[in-house]
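As structure tokens, the structure follows; a few thoughts come after it.
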Amino acid sequence: MAKEGLVVPVSIQMLIVSNGPISSVMVLQPFEEETQPGIFRVVPIWIGTAEATQLSVALDETKLSRPMTHDLFLDALTNLDARIDHVVINNVKGTTFFARLTLQQHDRLIDLDARPSDAIALAVRQKAPIYIEESVLERASFPYVLRNRENDSSIEEELDKFHEFISTLAPQDFTDEDS
């Protein structure tokens, strides 16, 4: 059972940007010990194509000639002597994830409700930490098995299997029977 309010740092393991009728997916992986030898948890979050594109721009550190919405927001924060402190994915209901974006302005912390895709796109741009509450991790994660790299010379094969695993998931896999 998860301790209330306990957070785990995460990183973006993979981002699949779709331009078709299927949603894009952002896959988060916690920085944690293996749950069992060779088994890690991952959290897939379905996001829109526009949100995935914004996140891709941030991850690739692409510089565009004109500011994107997230860049404009960060510029406004900077001019207000504020910065992104951290992001916490704090809830999930069915396929919908919720996040809190925490800003720091001098000695004051400002907590904002945000979509995870927006909050993470901002955090990536400012290299701010991203967390997920343990209770959300327990409800929304899937196990992912990594084989011993010393015995498996094919990293590409491992990545292909991971991509296949993610592509078989659908938002319906996350329906919460309690909601």
Please report, to one decimal in angstroms, the Kirkwood hydrodynamic radius of the stretch 1-152 built from all distinct Cα-Cα pairs.
16.4
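Which of M26, M68 comes first, and how do the rest follow, when ranked by fewest Cβ neighbours within 10 Å? List each step's numbers first, then the result.
Working: M26 25, M68 16.
Sorted ascending by nearby Cβ count, the order is M68, M26.
Return the loop-located trypsin sites (Lys or Arg not before Pro) in the stretch 1-80 (DSSP other than H, G, I, E, B) with at most 16 other Cβ atoms within 10 Å of their own Cβ; answer none if there are none.
Working: sites: K3, R41, K63; in loops: K3, K63.
Filter output for the stretch 1-80: K3, K63.
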Sorted by chain and then number, the residues having a modelled amide H within less than 5 Å of the amide H of Q13, at least 5 places away or on another chain, are V27, L28, Q29
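May I ask you to work out the translational diffusion coefficient for the stretch 16-105 at 4 °C, viscosity 1.567 mPa s, via Stokes-Einstein with Rh from the Kirkwood sum over Cα pairs, reported in whole µm²/s?
Working: Rh = 15.6 Å.
Translational diffusion coefficient: 83 µm²/s.
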Measuring from label point to label point, each 7 Å out along Cα→Cβ, what is the L72 to E32 span in nm?
3.8
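Readers should treat all values here as calculations from the given coordinates under stated rules, not as data from a laboratory. This structure is a prediction, so every number in the text was calculated from the model and none was measured. Here Cβ is always computed from backbone atoms with ideal geometry, including for glycine, and neighbour counts include all displayed protein chains.
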